[in-house]
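Report on the structure given below.
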Amino acid sequence: MAYAYLFKYIIIGDTGVGKSCLLLQFTDKRFQPVHDLTIGVEFGARMITIDGKQIKLQIWDTAGQESFRSITRSYYRGAAGALLVYDITRRDTFNHLTTWLEDARQHSNSNMVIMLIGNKSDLESRREVKKEEGEAFAREHGLIFMETSAKTASNVEEAFINTAKEIYEKIQEGVFDINNEANGIKIGPQHAATNSSLAGGQGGQQAGGGCC
Amino acid sequence: MLTRVKSAVASFVGGIMAGSSDGEQPSGAELPHKFPYMRPAFLGLSPDEIECSADHIARPILILKETKRLPWATGYAEVINAGKSALNEDQACCEVIMVKKKPGAPSTPSKTPTAKRRSSLPNGEGLGLRESSESDGLLIHYWALFDGHAGSGAAVMASKLLQQHIIEQLQDVLDILRNLGSLPPTVLGEEPNHPGTPGTNRTLTRAASLRGAAGAPGSPSTPPPRFFTEKKIQHESLVIGALENAFKDMDSQIEREKAVYNISGGCTALVVAFILGKLYVANAGDSRAIIIRNGEIIPVSAEFTPESERQRLQFLGFMQPHLLGGEFTHLEFPRRVQRKEVGKKMLYRDFTMTGWAYKTIEDEDLRFPLIYGEGKKARVMATIGVTRGLGDHDLKVHDSNIYIKPFLSCCPEVRVYNLTQYEHGADDVLVMGTDGLWDVLSNEEVSESVTSFLANCDPDDLHRYTMAAQDLVMRARGVLRDRGWRITNDRLGSGDDISVYIIPLMNSLWTTPYFTSLHRA
Ligand SMILES: Nc1nc2c(ncn2[C@@H]2O[C@H](COP(=O)(O)OP(=O)(O)OP(=O)(O)O)[C@@H](O)[C@H]2O)c(=O)[nH]1
Ligand SMILES: [Mg+2]
């Protein structure tokens, strides 16, 4: 299918926080109640529209379990966006965010857009992490933030789409070098003809700054 | 594999055939594809997933999905190359097949095989196989790896069709294979030999046998007496022959269908087939299989490369010099001979030698050596680094009309491992891998890492072999650092496509009802 851009995402966070469920809800509009431990990497894809443009999201769902950490780390490279997920009913998954963030910052390109997600918002009665805590963490580290429920689908669309909007804005600002595939962005076939004008013309204030 | 053809061509061009137009191979690029590019069927990937997998930057390691199983809980993992070719040129196939007799007359071969094929069984051993009266069939477990070069066409086609040829070959000898009680008859349709009564009159005096050869008189009503000492052919040899002929048929089919389809390149093939209690390992190329039993390494294949097959290739060049096109010499020298060295004595070796000797350099010796380069860089006619496999019918020396195919063999070496002869524990496995694995990890390193990985797994976790395969591919791929892909001790990781099966050999996995019922039958 023709698209203007392709953005590569990665979903990270502790095991059991609902990464695979978020992906499934976003791509298939389904919820999977039993936990199938992800033991490698799984892929999903969906088309969205931003600013009247077709954008294809290519999403890599990684394994959260500690023993797969070195494999998961090796997948950060070449992602334009990351969804960093914790479980609002498990404080330890929130406490581990700093480690995840350090890992992500170290192994990805510096312009990667990170969306912090507090998942399982449907389980209000079992909440251990206040929404304000999530907001504060995001503010402190320069992340976007949302609470979602992969079960009720609340905010799931928004989480994926808002991340894409942020990436799209960065492209408009010329922050991303869209010709470098290591940034997790590909220009679609229909766009390729105008690509040189986009790359060269728009990045006024930060031309070439996307290169790390 | 692509670079192994390309870079050689480049250096060759710089060597003796510099200054040329682009020597395009007649590729049939305008013809339709026989099969589109794909990943192994058992991975069950969507087009989107296939697109994701072809990421040369992050190089995702693909494993079996949660919902898929391979027979015996076999583990599988693969990763794409680091950018040398757009697509992953390795291919794989794994199936459990019930070979059944062809319909109609039992001994007239028909073209369509009627084997029941099941790919990626829902839960290891196929449900439903039981119903299909296995009493007259032969159950085969089949694992195959193909490593393509100069295009993915041949590898994809072989991954789809090689098992069909194996089925057809086995169908021809099905009744004989199922009748383990008596040796395969020498001539079909005659009284079978009974091993219980080893022919007392088989071993005759030379004189008697010569008389027999001259045409022994015999009454037409009674079976003629045997005058010759006769080789006893075991059932195992019939399976080996079937595998060998299947490879040959596959290669012929590629050649035939190149006329109507675009089937690019060539491929190596490594097959493991479990038939009647034995593992048959058929290898044509530079993939490798080893068995790890109780920590001990048992190699069950050998690689076919310009170095390992030097003498065969040199002999062919010697016997049929026209195949060398006047451009190559079948002799090997430690380095290229220079014109100013003509008349001097230089080290060389011929097809009759494994050691070296001196010969006086003649003009002819200035030709490019048929085998040149060392180790992974060794090439046949400066073009290809692997000497057995399927396809490559169009492959020519760059910018010339010299075909490489006559020097390549599609014949596999088949080795047999009798599974029933040994006790196998949960950590005893057969590891199959393409050269992407073995180029960077030794047998010992592979054995060590698989063994220690499995030891740290829950023995009841059926994903353990999948996770071990993923771990092994990760070790061979390494991680991307500033100076490329690196593995342990800062050694260079493999930038090639890497594909790996880890097949558990634990007896309880393959002594399934189907297996045992077959033996009763
Ligand atoms: N109530 C509720 N349960 C959820 C939600 N999201 C996920 N779950 C449940 O949480 C468990 C774990 O979900 P997964 O998506 O498999 O977790 P994961 O993050 O992919 O875990 P790993 O693959 O091990 O890294 C499953 O049992 C889900 O059903 C949610 O929004 N609400
Ligand atoms: Mg998961």
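The values are calculated or read from the model by the stated rules, or taken from the named source; none is laboratory data. Bear in mind the structure is a predicted one, so any value in this text is a computation, not a measurement. Quick reminder, even Gly has a Cβ in these numbers, built from the backbone with ideal geometry, and neighbours come from all protein chains shown. To get the accessible areas, we keep the full protein, side chains included, count just its heavy atoms, and leave off ligands, DNA and RNA. Shrake-Rupley method; radii C 1.70, N 1.55, O 1.52, S 1.80 Å.
Candidate cross-link partners of residue B:405 among the lysines, defined by an alpha-carbon separation under 18 Å and a same-chain spacing of 8 or more, comprise B:6, B:248, B:258, B:396. Peptide B:471-482 has a mean shielding of 2, counted as Cβ atoms of other protein chains within 10 Å of each residue's Cβ. Across peptide B:54-62, the average count of Cβ atoms from other chains found within 10 Å of a residue's Cβ is 6. Within the shell defined by Cβ-Cβ distances under 13 Å, the residues around residue B:283 carry a net charge of -4, with Lys and Arg each +1 and Asp and Glu each -1. Put a dot 7 Å past the Cα of residue B:483, heading toward its Cβ, do the same for residue B:234, and the two dots end up 5.1 nm apart. Annotation: peptides A:3-11, A:159-167, ranked by per-residue average of other Cβ atoms within 10 Å with the highest first, follow the order A:3-11, A:159-167. Counting Cβ atoms of other protein chains within 10 Å of each Cβ in A:71-81 and taking the mean gives 4.
Taking a straight line from the alpha carbon of residue B:101, these aspartates and glutamates sit under 13 Å away, with near neighbours fewer than eight places off in the same chain left out: B:134, B:136, B:168, B:172, B:175.
Peptide packing for B:419-425, A:88-94 was compared via the average number of neighbouring C-beta atoms within 10 Å per residue; ordered from the highest value, the list is A:88-94, B:419-425. Here the range B:423-497 is treated as a sphere whose radius is the Kirkwood value from Cα pairs; by Stokes-Einstein at 20 °C and 1.002 mPa s it diffuses with a coefficient of 164 µm²/s.
Projected label points at residue B:307 and residue B:340, each 7 Å from Cα along the beta carbon direction, are separated by 3.1 nanometres. For the range A:5-190, the dipole from Cβ point charges (+1 on Lys and Arg, -1 on Asp and Glu) about the Cα centre works out to 320 debye, to the nearest 20. To one decimal place, what orientation-averaged projected area in nm² is obtained for the convex hull of the Cα set of the range B:311-385? Value for the range B:311-385: 4.8 nm².
Quick one: buried accessible area between A and B, total over both chains, 1.4 angstrom probe, nearest 100 Å²? Counting both chains, the buried surface is close to 1800 Å².
Could you pull out which residues in the range A:9-31 have an amide N less than 20 Å from a spot 7 Å beyond the Cα of residue B:460, following the Cα-Cβ vector? Flagged as within label range: none. With the Cα gyration tensor of chain A giving a ≥ b ≥ c as the square roots of its eigenvalues, does the rule (a/c under 1.5 for rounded; else a/b larger than b/c for prolate; else oblate) give rounded, prolate or oblate? Verdict is prolate for chain A. Accessible surface for the range A:5-190, divided over its residues, is 39 Å² per residue with a 1.4 Å probe.
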